[in-house]
1. Could you check the simple spin-label distance between Glu207 and Glu152, using points 7 Å along Cα→Cβ, in nm with one decimal?
2. Name the chymotrypsin sites (Phe, Trp or Tyr not before Pro) in segment 205-234 that are in a loop by DSSP and that have at most 16 other C-beta atoms within 10 Å, would you?
3. What is the set of long-range amide H partners of Asn219 at a cut-off below 5 Å, with H atoms built 1.01 Å from backbone N?
4. For a Förster distance of 45 Å, can you work out the FRET efficiency between the beta-carbons of Phe107 and Asp235, rounded to the nearest 0.05?
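Derivation of every value follows stated rules applied to the coordinates shown; laboratory data play no part. Everything quoted here is computed from the prediction, not taken from an experiment. Cβ: placed from backbone, ideal geometry, glycine included. Neighbour counts: every protein chain shown.
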Amino acid sequence: MATAQLTASSISSRNVSSFEGLRPSAVQFPSVVRLGTLTQRSFRGLVVKAATVVAPKYTAIRPLGDRVLVKIKEAEEKTDGGILLPSTAQTKPQGGEVVAVGEGKSFGKNKIDISVPTGAQVVYSKYAGTEVEFNGSKHLILKDDDIVGILETDDVKDLKPLNDRVLIQVAQAEDKTAGGLLLTEATKEKPSIGTVIAVGPGPLDEEGNRKPLSVNSGNTVLYSKYAGNDFKGKDGSDYIALRASDIMAILS
């Protein structure tokens, strides 16, 4: 089987310069590059950007189906005490403003509208959607189901969960072992018990009807560890927003 080869002579400077923004000297090709033996030096000068940049000639983005366009809230650059935060210490935003919505989703003959209106302040799941830079700001295109809830205040305890999401106030970790030894923050086990603060309207069935959740506000529940999205409330308490399917039992 012949080995594929790429030589500098097979690419003319005229072809390379035909790409906008690239000059023949911008990318250097080795005299011979064998497939399967590419090294990091073979791609010196190439830069990959995570966010998709929409060209300036486009003036609008219209989401389709059950997708939503959210303008991402900027990360905080200072702590409450006024201390500047380096970029590595800034919390990645998980919220923003809905600026456009799709036409919704169809269930047979029934059509369900998007669950959030334009202008709503929402919280969404980590790592959801596709990030785009548009009109000088960062936006996110994501599915309606990836939106955790509507939050019109700056306190997470006011979150209104959507679909099958549930907001839980996490029980405080024990400060002592059964033998009376004090535990440090690093050794405290993450609690998986909490009190339900608010519940969503429920998931959609095959006909597009809402199915009520089996938990209610005030229930003490046991939920799966590492599920959902964690938040710190203004009262200092820990909260978590997760799907009802991540709740394993009601405690009484």
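1. The answer from the label model is 3.2 nm.
2. Answer in residue order: Tyr226.
3. HN-HN under 5 Å from Asn219: Val196.
4. Result of the calculation: an efficiency of 0.70.
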